[in-house]
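To start, the structure under review is shown below, and the notes come after it.
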Amino acid sequence: MSPATTPTGEAPPNVPGVQARLRHLVQAPRVDISIKLASRKQVFTTLDKIEGVASVTATADTYFDDVEIEFVGTARTFLERLTTAAAASGRSEAFHQFLKLTQPGLEDHYPEGNILKAGQTYDFPFVFGVPQQLLPRICQHKVQSPSVRDAHLQLPPTFGDKDFTDQPGELSDMAPDMASVRYGVFAKISKVKSTDEGASRVSLASRAKKLRISPAVDEEPPLDAGGKDSEYVMRKEKMMRKGMLKGKLGTLVMEASQPPSLRMKPNSNRDSESRTTTMATVMLRFDPADEHAQPPRLNCMNSKLKAVTFFASSARQSFPTKNASSLDLSQGIHTEQLQLSSRCMANVEWTKRQAEKPADTTTARRDSATSFSGGIDNTPQPSEQYKGKSYYTARLLVPLTLPNNKAFVPTFHSCLVSRQYALKLDLSISGTGGIAPSLDLKLPIQISQAGRQDNQSPERGPGAPPAISPEEEAAESESIYDFFEPRSMSPPSFTSASPPPTQQQGQQERDQSGSRTPPERRTPRASRADEAPPGYSVLPPGAQRMMRDRSVEIAAH
């Protein structure tokens, strides 16, 4: 007997209701969310408008309680500690949600009865503005100076996001795997489920749309780079000799100040024709050993840019330094050096000057941050071997241009991650008798960014191409828990940390699980809140994965 026939040889009756119930058991109802932006900008900067629509579609009639759309910024770091003591070894991680803007008024777009009809698409519009700075509540830990607090409240750029830098045609921002700053629009639809233990909120669907943010950054005042413990070298002296085993020729002094910042334009990393340039000024002084000694012949000036990334597993209280990072197990450092240029300086002319007046020679040395403006007042101070006679000076102009094979982010300092730059100048001298001496300086330099002239996001016209292709939309279906994981994983022992504040008028403050928290039930800051910023988490990776898997399992049911 065939399994497709009855004992009498007849085909079984077609029962649509039974087949529908069987399909329902095999394929559980699914809710899909897609996020589309109205702007075609690939990089957003300060005061740009982030506007779009979150579309929700259900395969079956589905009841829900809440729809949330947020603009979120997070920082994540980890350090591998390898020590001789087993108790001190291992990985330490940190997570900081420093930005959360919530879209208000979504209830006006809820369908009747809060029921998503099968096969029907519902649109929930949103609009956010890239803020100029963060709220003071974001950085509540102890700091050594108000300037550190001000720096931590500046919006950091997208940094170390491999989803962007690993794509074909994208440039590396020289960020290590141990540090990242990410932004995205996060949409979530949920409902309240009653259990024996009480009511709990269950996620029906969620989707994250990652964004690239590069805020406008003003040029800061020059650093006070003087002192013996400074990692910068603003001045160097070198004794020059006439040749091997011969007498002294004189002392060459090389001195420079911090050059003007390398000021980028918005989206300059993606514009091959955009060149970011500045000019470094180097002053030379030669104090001859006798009146007949002539200045040495200059050879080449090599310039290199050093990108330094600092990251920490605990909130930093001061501006990071290389020395402090090497002594603190909670801090790490990553450096990468780029060649900028090599220029011949053989045609530079020396100017002979007469002996300085006693009043000039006894004047205290200028601060290393003082800018040169030309004239005798910018002459470097005499060397230790200066005999009070005539001397020579020269002025070197070194053009600096950022290479177009890397993506550069502005100089920034956040609670967990910092990026700063240093300029290395190496001047080689044409030697005699096989000796080719050189002098080198290490100067602080900033990379800043100008704001956009028109901060209005362009609207997509009827004939404009879509902001994202269907293939790219499907590729974004990866788990969003890696990006927003700590929002739903805080154990009871960590509830003393204040939740990240919402930053838009008319929005309601939410706890880390996404539910609204009445003001009278919000947990006050604990005594240890000054050691960690809001949204900060130090859970071990195993606990994070366990709680994430549990959240996914609950959502599936």
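Annotations for the structure displayed:
- Its relative contact order, with pairs defined as Cα atoms under 8 Å and 6+ residues apart, puts the range 157-290 at 16 percent.
- Estimated distance in nm for a label pair at ASP163 and ASP224, the labels positioned 7 Å out from Cα along Cα-to-Cβ: 4.3
- Residue order, fewest to most beta carbons within 10 Å, for THR59, THR251: THR59, THR251
- Taking other C-beta atoms within 10 angstrom as a stand-in for reagent exposure, SER448, SER313, SER342 fall in the order SER342, SER448, SER313, fewest first.
- Formal net charge of residues neighbouring ASP48 (Cβ-Cβ distance under 9 Å; K, R +1; D, E -1): +3
- The slack between ASP177 and GLU80, meaning 0.36 nm per residue of separation minus the straight C-alpha distance, is 33.8 nm.
- Additional length obtainable on full extension of the chain from ASP290 to SER318, 0.36 nm per residue less Cα span: 5.2 nm
- Averaging Cα coordinates gives a centre for the range 141-163 and one for the range 281-322; these two points are 27 Å apart.
- Reachable lysines, given that their alpha-carbon falls under 29 Å from the alpha-carbon of LYS209 and they are not under 8 places away in the same chain: LYS36, LYS41, LYS49, LYS100, LYS117, LYS162, LYS188, LYS191, LYS193, LYS265, LYS406
- Between GLU107 and LEU47, the contour length at 0.36 nm per residue exceeds the alpha carbon distance by 19.0 nm.
- Which of ASP32, ASP177 has the fewest Cβ neighbours within 10 Å, and the rest in rising order: ASP177, ASP32
- Here each label is just a point 7 Å from Cα along the line to Cβ, and for GLN453 and SER326 those points are 4.8 nm apart.
Since every read-out is calculated from the coordinates, none of them should be taken as a lab result. Since we're looking at a predicted model, the values are computed, not measured. Neighbour counts are summed over all protein chains in view; Cβ atoms, including those assigned to glycine, are modelled from backbone coordinates with ideal geometry.
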